[in-house]
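The values are calculated or read from the model by the stated rules, or taken from the named source; none is laboratory data. For clarity, every value in this text was computed on a predicted model and none was experimentally measured. Cβ placement follows ideal geometry from the backbone for every residue including glycine, while neighbour counts extend to all protein chains displayed.
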Amino acid sequence: MSELLQQIFLFLIGIFLLYYGAEYLVRGGANLARNLGIRPMVIGLTIVAFGTSMPEFLVGTIASIKGQSDIAIGNVVGSNVANIALILGLSALFSPLVINYKMIRKELIFLFISTLIFIFFIRNDVVFYEGLIFVLIIFSYTVYLIMHPGDVPVSEELPKKINSNLLNIVFIVLGVIGLTFGSDWLVSSAVYMAQLLKIPDIVIGMTIVAVGTSLPELAASVIAAIKKETDISIGNIMGSNIFNMFFVIGGIGLFKTVPVNPVIFRFEIPVMLGLVIFLFPVIFFRKGIGRFYGAFMIIIYIVFTIYLYTTRHLPA
């Protein structure tokens, strides 16, 4: 029992280090770039966007290196499900999300197409050329956002300015250290708990690991919703899902083949795709996500989680 408590403690410390590691990396990197004269919008769409996806990327990388690829793919799919069902649902409960469909139509369509492309390429293991395709897609997407800043609502809010480049470098170093140790401890403890409780790695990756690595998105979206910046709230979530699919899995695929457990096509993948489709009529007809639909989405996430743990998917 003491070993279990120790692993739970390491898991919580891992989440803490991932959260603040990403924050410090973004803070130092964004301010260093700002001091070098790079435009705030470019910083927001590159350093900030990639920095907030680093927890998923490093957790997936560490898991793949340790031979726990189910955690890597489970973390991405689970994070995408949590981003829409849990985070948008919670944001709507705090403050109903009034969303202009025309403002986010292009990104909604791109998210839908991106999800279909992702599903098509992960039908088998993700190998180098597929990882390269994913990375090229996210690179092109980022360039498009920079060239067409008014097309997609994304947050350009940067951390409080720090003029000292030395201090910014210290923040970057601390961020990298936090992310490195945090991802390692999170994966190790998650694998231990999965084996102890006889729960498949993919279920752990889909649930507690996914929620843990999605904390930056949760904080940003809830704060945006409270500030009534609802277009930015959903824009950040959709952007995060796109980065999860292409930056995280694509980046890992460039260095190591990512095995994909076919069991996720029975339930998890349909849920992820279904939630993307669900956003279209809700936003178009209801002009956003009210508290009722927010609560409904949270219920979907709870049912999703309960189903995973009660069925405990095993490879066919």
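A few remarks follow.
- Scan of the range 43-74 for residues that are more than 11 Å from the chain's Cα centre (by Cα), hydrophobic (A, V, I, L, M, F, W, C), modelled with pLDDT under 75 and farther than 21 Å from Phe16 by Cβ, ordered by number: Ile43, Leu45, Ile47
- Residues of the range 104-144 satisfying the condition of being in a helix (DSSP H, G or I) and either of a type in the set (S, T, N, Q) or on the phi > 0 side of the Ramachandran plot (or both): Ser114, Thr115, Ser140, Thr142
- Tyr101 passes every criterion in (1) under 20 Å from Phe280 (Cα atoms); (2) out of contact with any Gly (no Cβ under 7 Å at 6 or more places or on another chain); (3) at pLDDT 80 or above apart from (3).
- Selection within the range 65-81 - assigned to a helix (DSSP H, G or I) and surrounded by fewer than 24 Cβ atoms within 10 Å (Cβ to Cβ): Ile65
- Residue match in the range 206-228 (condition: surrounded by fewer than 16 Cβ atoms within 10 Å (Cβ to Cβ), in contact with a Leu (Cβ under 7 Å, 6 or more places away or on another chain) and assigned to a helix (DSSP H, G or I)): no
- Considering residues of the range 1-20 that are exposed (fewer than 13 other Cβ atoms within 10 Å of the Cβ) and in a helix (DSSP H, G or I) only, the residue modelled with the highest pLDDT: Phe9
- Once the range 229-255 is narrowed to residues that are modelled with pLDDT of 90 or more and farther than 20 Å from Asn83 by Cβ, the residue that is surrounded by the most Cβ atoms within 10 Å (Cβ to Cβ) is Gly253.
- Remark: Ser91 matches the filter, which requires a residue to be within 30 Å of Tyr309 (Cβ to Cβ), in contact with a strand residue (DSSP E or B) (Cβ under 7 Å, 6 or more places away or on another chain), part of a helix (DSSP H, G or I) and not aromatic (Phe, Trp, Tyr).
- Just one of the listed residues (Leu186, Leu179, Leu167) is part of a helix (DSSP H, G or I) and over 15 Å from Gly14 (Cα atoms), namely Leu167.
- Some residue of the range 284-301 being in a loop (DSSP other than H, G, I, E, B) and either buried (at least 16 other Cβ atoms within 10 Å of the Cβ) or of a type in the set (Val, Ile, Thr) (or both): yes
- Each residue in the range 249-272 was checked for being in a helix (DSSP H, G or I) and under 16 Å from Val59 (Cβ atoms), and 6 of them qualify.
- The set of residues in the range 86-122 that are over 22 Å from Val303 (Cα atoms) and small (Gly, Ala, Ser) comprises Ser95, Ser114.
- Residues that are part of a helix (DSSP H, G or I), in contact with a Gly (Cβ under 9 Å, 6 or more places away or on another chain) and modelled with pLDDT under 80 occur at least once in the range 145-159.
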